[in-house]
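Following: one structure in structure tokens, then a few remarks.
The values are calculated or read from the model by the stated rules, or taken from the named source; none is laboratory data. These numbers come from a predicted model, not from an experiment. So basically every Cβ, Gly included, is an ideal-geometry build from the backbone, and we count neighbours across all protein chains shown. All accessible areas refer to the heavy atoms of the entire protein, side chains included, with ligands and DNA or RNA removed. Shrake-Rupley method; radii C 1.70, N 1.55, O 1.52, S 1.80 Å.
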Amino acid sequence: MGLKVAKFGGSSVADVIQFKKVRSIVQTDPSRTVVVVSAPGKRYPNDTKLTDLLYLCQTHVEHNLPWDQLFQVVCDRFTAMAMSLGLGSSQLNLEKEFETIKRDLNGGAGADYIASRGEYLNALLMARFLDFEFVDAAGLILFDERGHFLAEETDEALRTRLKKHKGAVIPGFYGSMPGGRIKTFSRGGSDITGSLVARALHADVYENWTDVHGFLVADPGIVKDPQPIDYITYQELRELSYMGASVLHEDAIFPVRETNIPINIRNTNDADHPGTTILADVPRDPEKIVTGIAGSKDFTVIALYKHRMNKDRGFVRRLFGILEDYDLGFEHLPTGIDTMSLVLSNEKVADRLPDIVADIEKKLEPDNIEVNEDIALIATVGKGMSSRKGVSASLFTALAEADINIRLIDQGSSEMNIIVGVLNRDFEKAIRAIYGAFIGGRK
Ligand code: ASP
């Protein structure tokens, strides 16, 4: 029998009703023997995610403010869930767990530790509820003393520990450093845990259960009823996620990609829907040139012009040196013979733009420098684009017909994406125009 690693996100484990859906999903397929859970997410739109409550507790501790009542909200939520799930205190000593966390909080255990307790407690509950073994991620998901993730050591530890399990629940989002100190991934990081576990166990598939049917060709907030994406390659997804299509944590792709394990995004609230499958290669439908369109607003473009730039030795090195001085990465860097456009994220640049520009002027001596802080980037992604003629022409025509001025063009060397920069105010209109040109009435 094969093995499936099933990761359930926050909204899939937010309350008792969701826990029951999870159990039914796990029980309908005996190969779903390894379950990874997030902390309870929102139960209704204005609800607070449990992880946010925990971070808030930590902030109170740091500012010497009373945090008992806040922490009680966390405890009450778990206690009520345990009771409604019929998990008595003989099976789960939640009070003791709460006491330990309070003691550690008082003892200055730190933000990562406190944030991780949502996943920890939820996994305890889920393991009892499914009658699976609780397997703590501390000691298995490993980081070095500086907090850098240790891929090979983690792989080995997970494989050894889970070799003979008969059903395991693992908390997502965190692991530990030498000495046992808890370290979390970035927000949404339970997706990464699921991916690491799937890789270590050579799973047949990594199922990522969430509250949507998978990926859509475009953001439904911009395009009305966009088509679903049934199949997508890791590479295409990477391009789209980077550009803001967020269903899965960006870093969750790498571990399974290396071992070619498909990721299947599924909806806990509609378990029969096949969702989106992410694979190394996808059989191409000649009709489908574009797989997805995504983008985000608020980039700065610094366009440099220098006569004979291509002959100016060290031009790029000096530019990168400036970026390093500001500890800044660039998002894109389209170039011509005498031109180079540096695309930076506004959020990362913050208020340092005038200093950066002054440094560029001083150290690179461009003939002309133009700065635009009001740019949105849109990526049109599709493996099928590389073998087709006229794709860029159709894209640019669609934008021209929508009366949109293109400020920047960058076509990846993989020929799998075309990125255009437009003014922020044209962002939504541009996405709709591209969708109309390539997807429109496509079945
Ligand atoms: N609970 C964590 C968060 O809210 C991690 C996760 O849900 O994946 O970011």
| query | Is it the case that the range 78-96 has a residue that's within 16 Å of the ligand (Cβ to nearest atom) and either closer than 23 Å to His249 by Cβ or not in a loop (DSSP other than H, G, I, E, B) (or both)? | reply | yes
| If you take the residues of the range 46-59 that are part of a helix (DSSP H, G or I) and of a type in the set (Ser, Thr, Tyr), which of them is farthest from the chain's Cα centre (by Cα)? | Thr59
| task | Give the residues of the range 172-231 that are of a type in the set (Gly, Ala, Ser), in contact (Cβ under 8 Å) with a residue 40 or more places away in the chain and within 13 Å of the ligand (Cβ to nearest atom), sorted by residue number. | result | Gly172, Ser186, Gly188, Gly189, Ser190, Gly194, Ser195
| Any idea which of (1) free of Cβ contacts under 8 Å to residues at least 40 places away in the same chain; (2) under 12 Å from Asp15 (Cα atoms); (3) in a helix (DSSP H, G or I); (4) of a type outside the set (Val, Ile, Thr) is the one Leu70 doesn't satisfy? | (2)
| said: Just to confirm my filter: which strands (runs of 3 or more DSSP E) fall fully inside the range 338-429 and include at least 2 residues that are over 29 Å from the mean Cα position of the chain (by Cα) and at pLDDT 95 or above? | reply: 368-381
| basic (Lys, Arg) and surrounded by fewer than 14 Cβ atoms within 10 Å (Cβ to Cβ), is that true of Lys383? | no
| message | Filter the range 212-257 down to the residues that are among the hydroxyl-bearing types (Ser, Thr, Tyr), over 16 Å from Ser296 (Cβ atoms) and open to solvent by 60 Å² or more (accessible area, probe 1.4 Å) and list them by number. | response | Tyr231
| remark: Scanning the range 1-45 for residues that are part of a strand (DSSP E or B) and either more than 16 Å from the ligand (Cβ to nearest atom) or open to solvent by 30 Å² or more (accessible area, probe 1.4 Å) (or both) gives Lys4, Arg32, Thr33, Val34
| Inside the range 177-248, counting only strands (runs of 3 or more DSSP E) that do not spill past its ends, which hold 3 or more residues that are not hydroxyl-bearing (Ser, Thr, Tyr)? | 205-210
| query | Can you tell me which residues in the range 278-303 are buried (at least 17 other Cβ atoms within 10 Å of the Cβ), over 30 Å from Asp426 (Cβ atoms) and touching a residue at least 60 places away in the same chain (Cβ under 8 Å)? | reply | Val282
| message | Can you say whether Ala80 is within 19 Å of Glu119 (Cβ to Cβ), within 27 Å of the chain's Cα centre (by Cα) and not acidic (Asp, Glu), as far as the supplied structure shows? | response | no
| query | In the range 271-296, which residues are hydroxyl-bearing (Ser, Thr, Tyr) and within 24 Å of Ile261 (Cβ to Cβ)? | reply | Thr276, Thr277, Thr291
